[in-house]
1. Past the 22 angstrom mark, what percentage of all C-alpha to C-alpha distances in the range 212-409 do you count?
2. Viscosity 1.002 mPa s, temperature 20 °C: what is the translational diffusion coefficient of the range 130-264 from Stokes-Einstein with a Kirkwood Rh over Cα pairs, rounded to a whole number of µm²/s?
3. Starting from the alpha-carbon convex hull of the chain, give the projected area averaged over all orientations, in nm².
4. How fast does the range 299-413 diffuse by Stokes-Einstein, in µm²/s, taking the Kirkwood radius from C-alpha pairs at 20 °C and 1.002 mPa s?
5. State to the nearest 20 debye the size of the charge dipole of the chain about its Cα centre, where the only charges are +1 on K and R beta carbons and -1 on D and E beta carbons.
6. For the peptides 327-340, 348-361, 403-416, what is the packing order when you average, over each peptide's residues, the other Cβ atoms within 10 Å and list the highest mean first?
7. Name the residue from TYR296, ALA314, TRP286 whose Cα lies farthest towards the positive end of the charge dipole of the range 270-361, charges +1 on Cβ of Lys and Arg and -1 on Cβ of Asp and Glu.
8. Which of the aspartates and glutamates could be linked to LYS80 by a straight reach, that is with a Cα gap under 13 Å, when you skip same-chain ones fewer than 8 residues away?
Amino acid sequence: MMEKLQRFGGAMMAPVMLMPFAGIIIGFSTIFMNADIMGALAADTTLWYKFWSMMYDGGYAIFNQLPLLFVISLPIGLAKKAAGRAAMESFVIYIIFNYFIQSLLTFFGDIMFHVDFAQEIGGTSGLTMVAGIKTMDMSVIGAIMIAAIAVWIHNRWYDKKLPSLISSFQGSALIVIIGFVIMIPMAFAVCVVWPGVQSAILGLQVFLSKSGNLGVFLFTFLERITLPTGLHHFLWTPFDLGPAVVADGNWTHWMANVNEYAASTAPLKELFPTGGFALYGNCAVWGMPAIAFAMYKTARPENRKKVAAMLISATIPAVLCGITEPIEFTFLFISPMLFAVGAVLAALLSTVLYMFGVVGYQGGGLMDYITYNWMPMMKNHMGEVITHIVIGLIFSVIYFVVFYWAIKKFNIMTPGREKDMGSEVELGKQTGSASSVFHDEAVGFLQALGGKENIESVTNCMTRLRLSVKEESLVAADEDFKKYNAKGVVRKGKAIQVIIGFDVENVKNEFEKLL
């Protein structure tokens, strides 16, 4: 079980590591396209605006295609052989799965599954586009599920020898054929079950909208906790865009009346009573930096410099525009419990803000707060602005203390908690090119692990080479690994982890060549 968990955790990190850069691009593009900040330069007719609009779209390429990234990257980390082939097979099987769903909903959506497939995608329709296919919105959960099935088929039957008459269907062709057959009942089951899950989420709207402070708490908690499933769209869309609590939606209603609210001296909560359901973005601005700082402080001192670079890049998109995935996905798959704690804190933050009279559209990041909330409200609602900032800062401290304590108490392996992540200085002292260094290290590690005959499987996370061996008794002592710049070895039966550092991916590539 430990071997399977460590392989899965390592495989999940590959797409996660792409998110911080994409988030930074989106954050800065948002700033540079904001007319309140850039003035006439950000008019939508200027070359400046068009350039940054292109950058914005490019940044969102990662987040818009997360299911595809997961369905391709998981097999690379989980396949026991021919990982590249496994990634291709997983992608094809996932596409087949979505085409089957499209056909089933096209022909039988209303009759059998109670789904109006003629609806536009997005919002509360429960529909989305995947690689140009209109299908059920399952976000990364669906991708992980199909990728897991594809890898299981690949590991079991990729090397299957077929009779010579049909030998052309061996290898990847056989995997796709088996996947094709399995996806028929799988697509049918999803069409039966998933609309019910989506309807249950939608059914919460009436209860939440009439439950006051409790409703705000539950709304924010559910919006956060369902993020990995994609079901959070069912929560915030009816509230932000209507008609859950106000006909035209909180976002539209706030933007249409913001000048009127700014000119009034009545309390904002009286003017905009549904605004408690538009506070869910506060966790991004006040919580994510504190979580990042907690991970930094709990990292080993020798690793903090490298961890800081990663965490800063992941925090920027959260603070600027409310994109929390780059931070949250660094610990979501390591510790779902920690993710749930973050959802509870986010719910408490929204509820406390609402109880103290802070409302407004705050579903995004700091740019929303400054331009749509603080700046217009400073003249007649300075009290609410100050209250917002004070409560936010208090919760930043709470976030930090809770996450710091939980990481230390339960020894959660957030980034930088390994004994050593490697030293760029030490590598710089070595002779030879970088590629030769990686090759030499891979050779040394393979020898210390008992040779290639002793290797069952190999993958990596951010800093560790994670392996399963046939005989743990053949694995050499830690000192033999350290001769080749390993910083330590973790042994859990046949599951072996060689701590290397951020060079691990390069070393793994050389290691796989040797295998």
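Every read-out reported here was derived from the displayed coordinates using simple, explicitly stated rules and does not represent laboratory data. If you're wondering where the values come from, they're calculated on a predicted model, not measured in any experiment. Positions of Cβ are backbone-derived with ideal geometry, glycine not excepted, and every protein chain shown enters the neighbour counts.
1. Numbers: 8837 of 19503 pairs.
Tail fraction, whole percent: 45.
2. Details: Rh = 18.5 Å.
Here the translational diffusion coefficient equals 116 µm²/s.
3. On the way: hull surface 111.7 nm².
For the chain, averaging the hull's shadow over all directions gives 27.9 nm².
4. Working: Rh = 15.8 Å.
Taking Rh from Cα pairs, D becomes 136 µm²/s.
5. Values: 36 positive and 37 negative charges, 294 e Å.
Taking the Cα centre of the chain as origin, the dipole is about 1420 debye.
6. Values: 327-340: 19.1, 348-361: 22.0, 403-416: 17.1.
Per-residue mean Cβ counts within 10 Å order the peptides as 348-361, 327-340, 403-416.
7. TYR296
8. Hits, sequence-local ones excluded: GLU3, ASP159, GLU456, GLU512.
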